[in-house]
Amino acid sequence: MTVSARLPNGSRALRIAAPILLLPLLLVVWLHVTAGERTLLFVNDLGELFYAALAAGTAGWRAVRSQGRLRKAWIAFAAGCAAWAVGEAIWSWYDLRGLEPFPSPADVGFLTFPVLACLGLLLYPGRRGGSRANQLLGALTATVSLTLIGWSLVLEALFAADATDRLTFVVAVAYPAMDLMVLILCLLRLATFGRRSLALWLIAMGLASITIADAAYAVLAARGLPLLSVIDLGWWLGFALLALAPFAPVAAADLDREQADEEHAFVLPYLPAFAATGVLLFGGIQGHRLGIVDVILFLLLAALSIVRQFRVMRENDGLIHERTARELEVRFAAFHDALTGLANRALFHDRVAHALELHGRCRRPLAVLFCDLDDFKVVNDTYGHAAGDALLTQVADRWRGVIRSGDTLARLGGDEFAVLLEDGGEAAVTAARLCAAMSVPFSVGGRLLAVQASVGVTVVTEGAPVPTLDTVLSQADTAMYAVKRAGKGGLRMYEPGMALTETEEATYLEPLLETLLTKQLGVVYQPIVDLDSGAVVGVEALARWSHAGVVVPPSIFVPIAERAGLARLLTDVVLEASLDQLAVWNAILGHRTLTVAVNVPAQLFIDPTFPGRVQAALEGAGLCGTQLVLELTESALLADPEAAREIATELRQLGVQLSLDDFGTGYSSLVHLKVIELDLLKIDRAFLEGIEGARQANMVKAILAFGRDLGLEVIAEGVERPDQLQCLRALGCDFAQGYLLGRPSTAEDLLSLLVRQARPPRPVPAAPRSTSPAVAGAAARPTAPRPAGLGHIPPFRAESGARSRFAIGDRDAGSTQPAIFVFPTR
């Protein structure tokens, strides 16, 4: 709890307490005019005792309700006022008996008060650091200076004239010396820290009133003049102000807030020191010989001045060092990433701009690499931002070891990094090293996370014209997003004509979201053929979308959906549409041998809600789990293999089959096979290029043998030439698809082919759900014309059955997006 929260309203308390405490002073003034000497003596003693005790009580009350250094300060003030009250009680007893001993035990209490008052002033909150010690040294310096002046001009003569009573002289001198100490320290505190502290001003005025009364009393006593009772009003007023101070409102200076200006506090103690030195010089000129006390006081003054000056210089050096360190910290924070310690966006842009200037002057080449972690959002969403931060830190550490000391590695924000190569050499090699550094999984929170990076590279060659900063950064960014669109996890050099995906995203994101929410995404289907019989045994379903009458390729809208966090919605829409279409086909064909397979983004394979959503979609379409195949692309990220294994187990308990697409093209084939129990493998189209050659044919043969050994069915994609089909049949491949076997067709066009290969259709029941025009059309027109490109396929053998497989993307149209297929069950 803060101090201000524990105190009553300061202004209100002060308004209430002020008249209560100050009103008796008016009565005392009236008594000094009307009352007799004996009455005044009694009233003065009683009033001083009362106000001193009251000040001790209010200071103690404030100490209990304060904290830290402020509490210690009020304790010192309370103890000092209590000591004065004890001394006043002893002195009042002497007065009642008509005694005036000097010195007496009462002087112990009276002299204790200024000592504790000085301690309270020093403890009172203000600027942190060594300034309080300097203030004490300053106060001592000024006090010794003024004492030296007083000794040289007056006190030495008095001491020589009355040498028989040394204790009386010392006590008499102690009063003005201590009063001077209190006054000087008050001035130093007010000059430095008390400008806005009402409490400190009340304390200072109270102490000043007390010291003025002390001084008046000492002057009258020294000159043998009658002591005026009105002097007691100074003590009354002083302790009344001290009693009021605890009720003052809390100010910034009371709470350890730093005040900046110490100039007056620094100079003030040296003024009396210069005056004391001048007095001694003047006395020497007049023939005055320095006594032992003069020498001691002067040496003490010199020592205090030297120590204070030394402390001030050391403090200034410390402040300069601290300020320099702070400036370095601020500069580092301004140009470096707080999490990884790498250069930030501002510093990276500055260095790229400088490199471009060097290129303009001396044709020095340079290269910029943009690096983005693939599927980083999966880590943040699944394990939290702390895990994401830990992963970013480890990535930064690995990449520090890849680049050269003269290169600049920066974190631009989020999971985006960049590298500047100021000599432009081996940019592609450096990019490859960055990608290779990601091949080993990262250990985060006891989990192994497999993460890839997409790297875009742009190079400004030695003879090229000087591009702008924005141009260079845009080119690297464009190349990096080209990697994302091509399947992630690799590098790409910038080439003229590359489109910046942000433009596409700004154009398509909102209408794509509307299409997904209204479930108007179109679907076409490409046949899957049994190479042994030539029958269509399944289909690959491909997502299709048009905006403003223009067909948008899957290679554009699918990455947009992924970057916008719509992968889950897109998958759910596709899953629901494909299952509904399968239910329609089941009803028309009169059997339930068709199955549909849906491509699953990596983040869904670690989403604990995914199996439940799959089960709900199956139940909504009236299908069992054995009619569904879910497919994972080989290059996809399995951020948490253990979680993926658990999700896969739940899916298989529903009867769902699991497939691996693009087999042989990614780095994690065996890892996937180890983590997840699979049913199907799909050979990537890249292996069919040059299959007529012995080397390529042997590779396909090896993959086929590998799949059979594991009990997996294998399908080859991208069959576009008769020689490819012939080689696949010779090698014993079971299934294939491609433009040679059939182009993507609408559901109603494909249905006519399926009906021809099956027995005559039964009456068509109403579809469970119709989520797209393709689905509705399939149910309304079961006898659509036979599609072009399928006429050579032999009649379908009903006993072989069929099942369909669904995918997002058109692999045979040259897209690199994953697809979803249908395979026959044997």
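The values are calculated or read from the model by the stated rules, or taken from the named source; none is laboratory data. Nothing here was measured: the structure is a model prediction, and the numbers come from that model. With ideal geometry, Cβ positions are generated from the backbone for all residues, glycine too; neighbour counts draw on all protein chains shown. Heavy atoms of the whole protein, side chains included, go into the accessibility calculation; ligands, DNA and RNA do not. Shrake-Rupley method; radii C 1.70, N 1.55, O 1.52, S 1.80 Å.
Below, the figures for the structure above:
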| quantity | calculated |
| --- | --- |
| Ordering of 363-374, 509-520, 43-54 by packing [mean C-beta count within 10 Å, highest first] | 363-374, 43-54, 509-520 |
| Centroid-to-centroid separation of the range 295-343 and the range 566-620 [C-alpha atoms, Å] | 69 |
| Sulfur and carbon atoms: percent of accessible area, the range 547-661 [1.4 Å] | 57 |
| Inter-site label distance for V466 and V293 at 7 Å from Cα along Cβ, in nm | 8.1 |
| Solvent-accessible ranking of E562, E422, largest area first, probe 1.4 Å | E562, E422 |
| Overall form of the range 323-470 per C-alpha gyration tensor (a/c, 1.5; a/b vs b/c) | oblate |
| Highest average packing first - 461-467, 600-606, 724-730, Cβ atoms within 10 Å | 600-606, 724-730, 461-467 |
| Protection proxy ranking, peptides 393-399, 202-208, average beta carbon neighbours within 10 Å, highest first | 202-208, 393-399 |
| D423-A325 pseudo-label distance in nm [points 7 Å out on the Cα-to-Cβ vector] | 3.8 |
| Gap separating the Cα centres of the range 717-751 and the range 381-408, nearest whole Å | 44 |
| Exposure of C118 as accessible area (Å², to 10), given a probe of 1.4 Å and all protein chains | 10 |
| Accessible area, probe 1.4 Å, largest first, for residues R308, R743, R645 | R743, R645, R308 |
| Cross-link partners of K484 among lysines (Cα-Cα below 28 Å; sequence separation of 8 or more within a chain) | K377, K519, K674, K682 |
| Inter-label distance for A506 and R613, nm, one decimal - labels placed 7 Å from Cα along Cα-to-Cβ | 3.0 |
| Trypsin sites (Lys or Arg not before Pro) restricted to the range 554-614 and DSSP loop, no more than 16 other C-beta within 10 Å | none |
| Surface accessible to a 1.4 Å probe, M493 within the full protein complex, Å² | 70 |
| With DNA, RNA and ligands ignored, accessible area of T626 (1.4 Å probe; Å², nearest 10) | 80 |
| Rounded, prolate or oblate (a/c below 1.5 giving rounded, otherwise prolate when a/b exceeds b/c) for the range 490-602 by Cα gyration tensor | prolate |
| Rounded if a/c under 1.5, otherwise prolate or oblate - the range 78-127, Cα gyration tensor axes | prolate |
